[in-house]
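See structure below.
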Amino acid sequence: MKMDMPRTTTGRLARAEARWGYAFILMPFVGLALFLVGPLVASGVLSLHDYPLLGTPRWIGAQNYRQLFLDDTFRAALRNTAIFLLGIPAGMALSLALAVALNQGVRGTVLFRACYFLPTVTSVVAVSLLWMWLYNPEFGLANALLQSVGLPGPAWLQDRFWVYPALILMGIWGGVGISLLLYLAALQAVPRSLLEAATLDGAGPWQRFRHVVWPLLTPTTFFIAVMSVIGTLQMFGQIYLMTHGGPDNATVTVMYYLWQQAFMLNRMGYACAIAWVLGGIIAAATVAQFRLGRRWVCYADA
């Protein structure tokens, strides 16, 4: 006959297991505190100081924030960042169109998928150098193609007008891969029974997509939109490598302006204030998207 363990022994084993459990989860919490919460609190405190990077912080209260909203360059950075956001709908539409095409069972789907995804895993430096060569006004491929059809080629990255579409096109090319894979996975998860039922009811291809497929794609679309907005608001690498904020501050983004203030002008307190404002903008944009998403995102019942 099996004997039950004494209650004291069971309690001792439970406490020992709990201690080991706390020990295993301790390190992630320590890392979170050291590398996320700690720097976050420190930047908030430093944003209230005049802090030369190699000097001593001096308390100035909210002066950095008041100066920030009177800063013409910061307002230009906000405007430029908003312009780059305009490329998100075009990139999402292109990704969806390619995903629909690849979902038709064409030959070489795996190869096409890998090719489209390749820019996503390529370093920002390599991608930027490639596009700088493409946009070179003297020997770049973009102008060579335009000249072959009798059109003059602009100085893409040196022209205040053309630099926006140039960087937006580059962003679409670089981001289409991950969005394509997400859309393709969502399309392959659409139940065939729903499509067959719609076909039996007389629905054509567009009607099936509009009334059956698209509602099931809205959660994926929402996720891509949120992540794309967050990524674009933090745009930095391409600007630093390709334009340095030029011409005439036309491509200065909020992140690039933050870097300038912190590491070129040694105004770390001012840079921390920019970081907190940018964080607030990202949080506000995300909350707004979640609230608007309630109106058009359709979650299928489990």
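The values are calculated or read from the model by the stated rules, or taken from the named source; none is laboratory data. Remember, it's a predicted structure, so these values are computed and weren't measured experimentally. Ideal geometry is used to build each Cβ from the backbone, glycine not excepted, and the neighbour counts take in all protein chains shown.
Quick notes on this one:
- In the stretch 216-262, residue farthest from the chain's Cα centre (by Cα) [restricted to those that are under 25 Å from Val100 (Cα atoms) and without any contact (Cβ under 8 Å) to a residue 60 or more places away in the chain]: Thr220
- As a summary of the residue check, Arg12 satisfies the conditions (1) among the charged types (D, E, K, R); (2) surrounded by 10 or more Cβ atoms within 10 Å (Cβ to Cβ); (3) closer than 30 Å to Leu169 by Cβ except for the one numbered (3).
- Filter pass, Asn103 being touching a residue at least 24 places away in the same chain (Cβ under 8 Å), in the same structural domain as Leu217 (by TED's automatic domain parsing) and closer than 29 Å to Cys272 by Cβ: no
- Matching option when the condition is in contact (Cβ under 8 Å) with a residue 12 or more places away in the chain and hydrophobic (A, V, I, L, M, F, W, C), among Ala197, Ala166, Ala144: Ala166
- Qualifying residue in the stretch 36-45 (condition: within 26 Å of the chain's Cα centre (by Cα), under 30 Å from Thr221 (Cα atoms), in a helix (DSSP H, G or I) and not assigned by TED's automatic domain parsing to the domain that holds Ile172): yes
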